[in-house]
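Below is one structure, written out as structure tokens; the observations come after it.
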Amino acid sequence: MFKKYRLRDYDFKLVLMVLALSVIGVLAIGSAESSLQNKQLAGVISGIFLMIVCSLFNYSFVLKFYWLMYGFNLVLLLMIMLPKLGHSSHGAQRWLDIGGFRFQPSEIAKIILILFFAQFIMRHREKLNTVRIIGSCVALILVPLGLVVSQPDLSTSIVLAAVFCVIMFAGGVSLKLVGGVLALAIPAAVLIISLALQPGSGLLNDYQRGRIFAFQAPDKYPDQARQQVNSVTAIASGMLDGKGYKNNEITSVKNGNFISQTQTDFIFSVIGEEFGFKGSLAVILLTFGVSLECISIARKAKDLAGTIICAGMGGLVAFQGFINIGVATFILPNTGLTLPFVSYGLTSLWSLFMGMGFVLNVRLQAKRPK
């Protein structure tokens, strides 16, 4: 379970970037919703502890229980459907209430599925490019993916699908096969989206369809587009240096309560307004830096499972960060995704810290140059 490690093999660069993002998150949440700042700070401190603990666990030992993890993940996602345990908010049932503790299983699912497929693909790496193994991988991701979609949580489903693609690529799936799948998948995706946007199709909820229409034509759907338009206004008003932390300017979009969910989905708007372009750029570079460092560690991993863990975590941070910032800057339709290590949400925060802990353990066991 535990091995002897050298302190000099610990990736302090990755730790510092993660901590920098977390500190920015605590500050931004304190401005967005001051009552949540202490909770987020406690979440960061406990998350750091979890990251350190996970970094000392031999990931090869943990991955031996990959089927148990997969089953546990499905149980959590299924429990959401139970009326006494599942908690609904804003028209979605995505949370579990157990013993007075509320958490979001889909956030935990992101990490569990990365660990599961790391071991599954490594065990079948010689036959990965066969129809049987690829079909098995697709079937295994579709089950939890379907449960997440049913909550409904389309944004998390998109992230899970994107991370799955990264995992398969890192696992060594044939590029010819990828090209063939894309040749079929892209026209199919266009057709499905076109059908989903039709009234009464049943593929999308009305509010999801409205968000896509608002993205295409914000002037025709001002109510649905207002949130993102105000977000862009807030970011633009910060200009280069921002209006200052917790400023009391009347012209502040945040102070005027023109944006809801500023502590979660639109935390980047608060950063852009109060810290300006410099603060926004710092968050983007740090998010990119964390993802890139994960990929760098993946290249040094001792085995394929370690490569997949690091690539999966790097892809998760990159895709989720891109979507969150893309929504805040109105280059993507509105979705409900947090900004990794920055937005409020203890389940998301702890899950990401634990995932980074496993990445650090991969680094501790990395191949050493001769």
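Length gain on complete extension for the stretch residue 191 to residue 46, per 0.36 nm per residue less the alpha carbon to alpha carbon distance?
Values: separation 145, 0.36 × 145 = 52.20 nm, distance 4.54 nm.
Gain on stretching residue 191 to residue 46: 47.7 nm.
How much length, in nm to one decimal, is gained on full extension between residue 149 and residue 257, taken as 0.36 nm per residue of separation minus their Cα-Cα distance?
Details: separation 108, 0.36 × 108 = 38.88 nm, distance 3.05 nm.
Full-extension gain reported as 35.8 nm.
Multiplying the sequence separation of residue 229 and residue 34 by 0.36 nm and subtracting their Cα-Cα distance, what value in nm do you get?
On the way: separation 195, 0.36 × 195 = 70.20 nm, distance 2.41 nm.
Contour length minus the Cα-Cα distance gives 67.8 nm.
Report in % the part of the accessible area of region 94-192 that belongs to carbon and sulfur, leaving out ligands and nucleic acids; probe 1.4 Å.
Carbon plus sulfur share of accessible area: 73 percent.
For the pairs 39/300; 127/367; 13/254; 39/302; 84/254, flag any whose C-alpha to C-alpha distance is greater than 27 Å. Please list the in-between numbers first.
Working: 39/300 36 Å; 127/367 25 Å; 13/254 33 Å; 39/302 38 Å; 84/254 36 Å.
The answer is 39/300; 13/254; 39/302; 84/254.
Quick check: with the 1.4 Å probe, what order do 165, 54 take by accessible area, largest first?
On the way: 165 85, 54 15 Å².
If we order 165, 54 from most to least accessible, we get 165, 54.
What does the charge dipole of the chain about its Cα centre add up to, to the nearest 20 debye, if the Cβ of each Lys and Arg holds +1 and the Cβ of each Asp and Glu holds -1?
Details: 31 positive and 17 negative charges, 329 e Å.
Approximately 1580 debye in magnitude.
Give the Cα extents of region 52-131 along the principal axes, in whole Å, largest first.
45, 37, 19
Rounded if a/c is under 1.5, else prolate if a/b beats b/c, else oblate: with a ≥ b ≥ c from the C-alpha gyration tensor eigenvalues square-rooted, which is region 302-343?
Details: a/c = 4.22, a/b = 2.88, b/c = 1.47.
Cα axes put region 302-343 in the prolate bin.
Under a crude label model (7 Å from the Cα following the beta-carbon direction), how far is residue 130 from residue 64 in nanometres?
Computed distance between label sites residue 130 and residue 64 equals 2.6 nm.
Per residue of region 260-270, what does 6.51 cos²θ - 1.76 cosθ + 1.60 with θ = phi - 60° give for ³J(HN,Hα)? Whole Hz please, x for Gly and Pro, Karplus curve as stated.
Here the 3J(HN,Hα) series is 9, 6, 5, 7, 10, 5, 10, 5, 5, 5, 5 Hz.
Under a point-charge model restricted to the Cβ atoms of Lys and Arg (+1) and Asp and Glu (-1), what is the dipole moment magnitude of region 196-352 relative to its Cα centre, in debye to the nearest 20? Don't skip to the answer; put the middle values down first.
Details: 11 positive and 10 negative charges, 48 e Å.
Magnitude of the dipole: close to 240 debye.
Under a point spin-label approximation (7 Å from Cα along Cα-to-Cβ), what is the residue 277-residue 98 distance to one decimal in nm?
Placing both labels 7 Å beyond Cα along the Cβ direction yields 4.8 nm.
Set the Förster distance to 35 Å, then compute FRET efficiency between residue 248 and residue 221 from the Cβ-Cβ distance, nearest 0.05. Kindly include the intermediate steps, with their values, before the conclusion.
Details: r = 33 Å, r/R0 = 0.93.
Taking R0 as 35 Å, the efficiency between residue 248 and residue 221 is 0.60.
On a C-alpha basis, how far is the centre of region 305-359 from the centre of region 284-301 in Å? Whole number, if you could?
The distance from the Cα centre of region 305-359 to that of region 284-301 comes to 13 Å.
I'd like the Kirkwood hydrodynamic radius of the chain, using the inverse of the mean 1/r over distinct C-alpha pairs, in Å. Write down the numbers at each step before the final one.
Values: mean 1/r = 0.0464 Å⁻¹.
About 21.6 Å, per the Kirkwood formula over Cα pairs.
In region 269-310, what GluC sites (Glu not before Pro) fall in a loop by DSSP, with at most 12 other Cβ atoms inside 10 Å?
Values: sites: 273, 274, 293; in loops: none.
Answer by residue number: there is no such site.
Set Lys and Arg Cβ to +1 and Asp and Glu Cβ to -1, take the dipole of the chain about its Cα centre, and tell me which of 252, 63, 291 lies farthest positive.
63
For the chain, what is the mean residue ellipticity at 222 nm derived from helices alone (per DSSP H run of n ≥ 4: -39500 (n - 2.57); sum divided by total residues; nearest 500 deg cm²/dmol)?
Numbers: 13 runs with 242 residues, N = 370.
Helix-only estimate at 222 nm: -22500 deg cm²/dmol.
Could you let me know the centre-to-centre spacing of region 134-153 and region 214-249, using Cα atoms, in angstrom?
Taking the Cα centre of region 214-249 as reference, the centre of region 134-153 is 35 Å away.
Counting only protein chains, not ligands or nucleic acids, how are 280, 260 ordered by accessible area (probe 1.4 Å), most first? Could you put the intermediate results ahead of the total?
Details: 280 10, 260 65 Å².
Greatest to least solvent exposure: 260, 280.
Tell me the per residue accessible area of the chain using a 1.4 Å probe; a whole number in Å² is fine. Let's see the in-between values first.
On the way: 17800 Å² over 370 residues.
Ligands and nucleic acids excluded, the result is 48 Å² per residue.
D for region 221-306, whole µm²/s, Stokes-Einstein with Kirkwood Rh over alpha-carbon pairs at 20 °C and 1.002 mPa s: what number?
The calculation lands on 148 µm²/s.
Label points 7 Å out from Cα along the Cβ direction at residue 292 and residue 5: separation in nm?
The two pseudo-label positions are separated by 2.4 nm.
The values are calculated or read from the model by the stated rules, or taken from the named source; none is laboratory data. Computed from a prediction, not measured in an experiment: that's the story for all the values here. Glycine also receives a Cβ, built like all others from the backbone with ideal geometry; neighbour counts cover every protein chain displayed. For the accessible areas, the whole protein counts, side chains as well, though only heavy atoms, and no ligand, DNA or RNA atoms are used. Shrake-Rupley method; radii C 1.70, N 1.55, O 1.52, S 1.80 Å.
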